[in-house]
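Since the structure comes first, as structure tokens, the remarks are kept for the end.
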Amino acid sequence: MTNNKKPNGCLVGFQRLFSGLMAVLATIFLIIVLIHLTYTVKIQGMTLLVVTVAGFFVLRYLWKKVKRKSSSNKQVIKGVFSDFLRTVIVFVVFSVVIMILGENTGYIIDSEDTEEDKDKTEIVTTTEGGKETRYIVNKQYWKDFDRNWHRMDFKIAESSVTKSRNNRRSYRYTRNFSWGSFYKHMADHDRTLLEHLYTSFSKIQQEKKLNRRKFAELIITSIQDIEYNYIKSTPCNGTEEFPCVGNVRLGIFAPAEFSANLQGDCDSRTVLLFVLLRKFNYKVAVLNSDEYRHSVLAINLPSRGTYKTYNRRKYYFVETTAKGCPIGYLPPKVSNVNYWDFVLVN
């Protein structure tokens, strides 16, 4: 005879059901974490692989040798509590993982960080010196080359945009026309119209303590992140590969215009970046290629990759029309440096 009572059958059944449910919940939570890291925090490559393997290893370890044959009601209850504790551990561990990886990528989980907000343009009216001023404000969110997130308002007065547009349209197109002279005409005029951008970029630099190179990358990536648009001097015909804005004189938006409407092709971007980086005392240049029908920025910073020399300085190419193209990278289809010419240098 034995004094040990067999556990209640209903209680044993509940333990098995509860254990299975906890294991399923833990697995679902892990999958949600992986989806969040992939599509929201934008974790990719080896980091994502390591997190995935480690996650399933943790699940396997926690549920690998769970004892299911209890000899008493007390052990059954103990098993239920143990299953619950294991599930809580999984939730805590992977919540911490999300927080750590989110902070390391510079991503702040915020309900305002949505594509809808990013694409939103606001008109803000302020009173300055007794006079009302209307500003165009575009909320921008982007990642730099290190995959750190940044947030900034592209803010410019409507009156500045009007001045910029009128100045661009006033440029006389003659037989001696050159893109370099035209770019300089716009750059010199608009450099005093972008004070809010200068101030906003400086604020990020100070808050994040960015060195000279990282600050240049911050500015470059903010422009690379903007959606590409064709800007044509003729009407759009509807067959364009990208969004198109037609009937724009000389097929370009000046720096203040582009910073307000965020619609720009290659040289709209290079001229704006030229103005911004020149403001912060970088040696920059705009290079054009008749062969490739393209425009790129170039910057005199210690780098690796493709460059062209001007006055014994190395200017490294910067592709401005695609996200994540680092300093010194020139796409293979436009990579022959002999086809590139300096048209504007500060």
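Any read-out appearing in this document is the output of simple, stated calculations on the displayed coordinates, not a laboratory observation. From a predicted model like this one, the values you see are computed outputs, not experimental measurements. All Cβ positions, glycine included, derive from the backbone under ideal geometry; neighbour counts span all protein chains shown.
Counting neighbouring beta carbons within 10 Å and listing from fewest to most, the residues LEU330, LEU272 come out as LEU330, LEU272. Cross-link check: pairs LYS232/LYS314; LYS279/LYS323; LYS120/LYS143; LYS139/LYS283; LYS203/LYS314; LYS143/LYS163 evaluated at a Cα-Cα cut-off of 25 Å; pairs beyond the cut-off: LYS232/LYS314; LYS139/LYS283; LYS203/LYS314; LYS143/LYS163.
Where Lys and Arg each count +1 and Asp and Glu each count -1, what net charge lies around GLY305 among other residues with Cβ under 14 Å from its Cβ?
Value of the local net charge: +2.
Put a dot 7 Å past the Cα of LYS74, heading toward its Cβ, do the same for ARG249, and the two dots end up 9.3 nm apart.
With contacts taken as Cα pairs under 8 Å and at least 6 residues apart, the range 187-346 reaches a relative contact order of 19 percent.
Can you put ASP265, ASP153 in order of Cβ neighbours within 10 angstrom, beginning with the fewest?
By the 10 Å Cβ count, ascending, the order reads ASP153, ASP265.
In the range 248-346, which trypsin sites (Lys or Arg not before Pro) fall in coil by DSSP and have 14 or fewer other Cβ atoms within 10 Å? Filter output for the range 248-346: ARG293, ARG304, ARG312, LYS323. Using the Cβ-Cβ distance between ILE35 and ARG172 with R0 set to 45 Å, the FRET efficiency works out to roughly 0.20. With R₀ fixed at 56 Å, the C-beta to C-beta distance from THR309 to PHE18 puts the FRET efficiency at about 0.20.
A straight chain from THR239 to PHE84 at 0.36 nm per residue would run longer than the Cα-Cα distance by 49.9 nm. Cβ crowding within 10 Å ranks GLU227, GLU257, GLU128, GLU195 as GLU128, GLU227, GLU195, GLU257, fewest other Cβ atoms first. One decimal place: the segment GLU122-VAL92 gains 6.8 nm when fully extended, by the rule 0.36 nm per residue minus the C-alpha distance.
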